[in-house]
Structures are given as C-alpha cells and as structure tokens.
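No value in this document is a laboratory result; all are computed from the given coordinates. Bear in mind the structure is a predicted one, so any value in this text is a computation, not a measurement. All Cβ positions, glycine included, derive from the backbone under ideal geometry; neighbour counts span all protein chains shown.
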Amino acid sequence: MRIDAITIFPEYFAALDISLLGKAQENKVIEFNAVDLRNYTHDKHKTVDDSPYGGGAGMLMKPEPWGEALDDLLKPDGSTVLIVPSPAGELFKQATAQELAQKEHLVFACGRYEGIDQRVFDWASDKAEVRLISLGDYVLNGGEVAALAMIEAIARLIPGVIGNAESLVEESHSDGLLEYPSYTKPAVWRELEVPEVLRGGNHAEIAKWRHEQSVARTKAVRPDLLP
Ligand code: 6GU
C-alpha cells in the first residue's frame, strides 16, 4: 500500500518511521510520503490560508495549493481514496480501518485553521473516492494527529506489518466487544493475585472466563456496542 499525507507540518509524520510501521516501510510493505503543501504555493510568503466568504471566525485553507498537490498525487486510474480528517466526518471505526486496509493508495488531506475550501473535495470527487472521517466527538487543531491514528489503525491490518497475526483476532473491537483483562508473571504482585482460572491450564474454562470478562467490561463502559 502507498500512503501520502498532504500537510503544512510534515514533521508530524516522523512517528511513522518508528517501530512496526518503520519496519514495514523498510520492508516495502507500506510506502509512506509526507508532502509539504507549501511546496505548491507560488508567492513569497507561501500562503495557504485566506478569510472565509460570508464571514466568521478564523481562516480557511485556499484551494489552489491543494489542487496542485492533488494533481500530483491522485492516481489517474481513480484508485486513490482521498481521506479528509474532520470532526464533521463519518466516525472512524475498526470496520473503517479494515475497509481502507484493502486499498492500493490512500491520500490524507490534513487541514489546519477552520478547514479547507469545499471546492477541493467537490473537484476531487470524480477523480477519487473522497471520505470525510472523524476520530470522535472532540476537536483537534488539525488533521495530522488524526491522520497518524488512522494510518496506524489501517497499516497494522496489512499482512506482514504485525509479526503475530493472531494478536489481531482477540483484540478490542475485532469482535464487537472490548478486550478482556490480561496478566503476566509474577502470579502475586503487591498482594494482588492473577485470577485462578488463568493459572489452571483449562483452555475451555479460560475462553469462557475471558468472554464473560469482555461482556461485563463492554456492558460497564460501552453498552452502546452491545446488541
Ligand atoms: Cl479527524 N480532525 C480534527 N481536526 N479534529 C478531530 C478529528 C479529526 N476527529 C476528532 N476531532
């Protein structure tokens, strides 16, 4: 998979060179590229923003640099998915990550200020699949941190990125439930004991206990996930 992120702060994406995603890039399983939007400006001050038509607080990102960057990045065969991190978008879920992990090419359009001129997306919508996606009901200063979270959630589902593919099966949200609590050695730590059932080696009992814990935890903190 190829992933591009258009941003005025390419330094944010240095985090993708670390750990499993760094390894995946070295192994060419994913190819990642942060593109500086200011490279597509033509004035001395490399201006990317302007005041909104109709008034209102703050500045918007002007369309011309975005248009030129997307002219460079969108694949002519229409295979690119253009992802716009925005609190006004559809909610990003594990199913969204699974769907996007199947794609050949993702471009993240990371806006700052009050967002990007709408015509950029209207124009792009017949050259790419355009998806406005939100991480949740809160506001970040720009799309970069949201894009990093989405890229990590997507990339770790691509075969070869995570060594132990089994760890993808029993994790929170993969089966619609939150993950059960886990323990490692020592068996007693600060007078707290690891639950007896996990030390017994009865795999059917352990599976049953873990499922019950998942259901109880989901009921307690995320009842909206239960049918
Ligand atoms: Cl995807 N972007 C921004 N700027 N803020 C957010 C968000 C995204 N998701 C939640 N808040």
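Any idea which residue in the stretch 49-72 is surrounded by the most Cβ atoms within 10 Å (Cβ to Cβ), counting only those that are touching a residue at least 12 places away in the same chain (Cβ under 8 Å) and in a loop (DSSP other than H, G, I, E, B)?
Checked the stretch 49-72; the qualifying residue surrounded by the most Cβ atoms within 10 Å (Cβ to Cβ) is K62.
I'm trying to understand the selection: among the residues of the stretch 122-134, which are surrounded by fewer than 19 Cβ atoms within 10 Å (Cβ to Cβ) and either within 19 Å of the chain's Cα centre (by Cα) or of a type outside the set (S, T, N, Q) (or both)? It would help to see each step written out before you state the result.
Here is the first cut: in the stretch 122-134, the residues surrounded by fewer than 19 Cβ atoms within 10 Å (Cβ to Cβ) are 122-123, 125-127, 129, 132, 134.
Once the filter is applied, which keeps residues that are surrounded by fewer than 19 Cβ atoms within 10 Å (Cβ to Cβ) and either within 19 Å of the chain's Cα centre (by Cα) or of a type outside the set (S, T, N, Q) (or both), the stretch 122-134 yields D122, W123, D126, K127, E129, L132, S134.
Looking only at the stretch 139-163, count every residue that is small (G, A, S), more than 7 Å from the ligand (Cβ to nearest atom) and part of a helix (DSSP H, G or I) and tell me the total. Before the answer, list the steps.
Within the stretch 139-163, the first condition is being small (G, A, S), and the residues that meet it are 142-143, 146-147, 149, 153, 155, 160, 163.
Filter once more, keeping what is more than 7 Å from the ligand (Cβ to nearest atom): 147, 149, 153, 155, 160, 163.
Then drop every residue that is not part of a helix (DSSP H, G or I), which leaves 147, 149, 153, 155.
Within the stretch 139-163, residues that are small (G, A, S), more than 7 Å from the ligand (Cβ to nearest atom) and part of a helix (DSSP H, G or I) number 4.
What number of residues within the stretch 193-206 satisfy the criterion of being exposed (fewer than 13 other Cβ atoms within 10 Å of the Cβ) and in a helix (DSSP H, G or I)?
Number of matching residues: 5.
Could you list, ordered by first residue, the pairs with Cβ atoms under 9 Å in which the first is in the stretch 82-110 and surrounded by fewer than 17 Cβ atoms within 10 Å (Cβ to Cβ) and the second is basic (K, R), at least 6 apart or interchain?
Between residues of the stretch 82-110 that are surrounded by fewer than 17 Cβ atoms within 10 Å (Cβ to Cβ) and residues that are basic (K, R), the close pairs are G89/R131; E90/R131; E104/R2; E104/K75.
Applying the selection to the stretch 129-164, what residues are farther than 21 Å from S79 by Cα, in contact with a Pro (Cβ under 7 Å, 6 or more places away or on another chain) and among the hydrophobic types (A, V, I, L, M, F, W, C)?
Passing the criteria: V139, A146.
Might you check whether a residue that is under 18 Å from I6 (Cα atoms) and hydroxyl-bearing (S, T, Y) occurs anywhere in the stretch 131-149?
Yes, that holds for at least one residue.
Looking at F92, F121 in this structure, which one is farther than 30 Å from L226 by Cβ and within 16 Å of the ligand (Cβ to nearest atom)?
Exactly one of F92, F121 is farther than 30 Å from L226 by Cβ and within 16 Å of the ligand (Cβ to nearest atom), namely F121.
Which residue out of G111, G136 is within 8 Å of the ligand (Cβ to nearest atom), more than 22 Å from D36 (Cα to Cα), in a loop (DSSP other than H, G, I, E, B) and not aliphatic (A, V, I, L, M)? Talk me through it step by step, then tell me what you get.
Working: G111 fails: more than 22 Å from D36 (Cα to Cα).
Criteria check complete, one pass: G136.
So, in the stretch 114-133, exactly how many residues are without any contact (Cβ under 8 Å) to a residue 24 or more places away in the chain and in a helix (DSSP H, G or I)? Before the answer, list the steps.
Step one: list which residues in the stretch 114-133 are without any contact (Cβ under 8 Å) to a residue 24 or more places away in the chain, which gives 118, 122, 125-126.
If we keep only those that are in a helix (DSSP H, G or I) as well, we get 122.
The qualifying residues number 1.
For the condition in a loop (DSSP other than H, G, I, E, B), among the charged types (D, E, K, R) and under 16 Å from the mean Cα position of the chain (by Cα), what is the one hit in K75, K103, K46? Working first, answer last.
Working: K75 fails: under 16 Å from the mean Cα position of the chain (by Cα); K46 fails: under 16 Å from the mean Cα position of the chain (by Cα).
Just a single option satisfies the conditions, and that option is K103.
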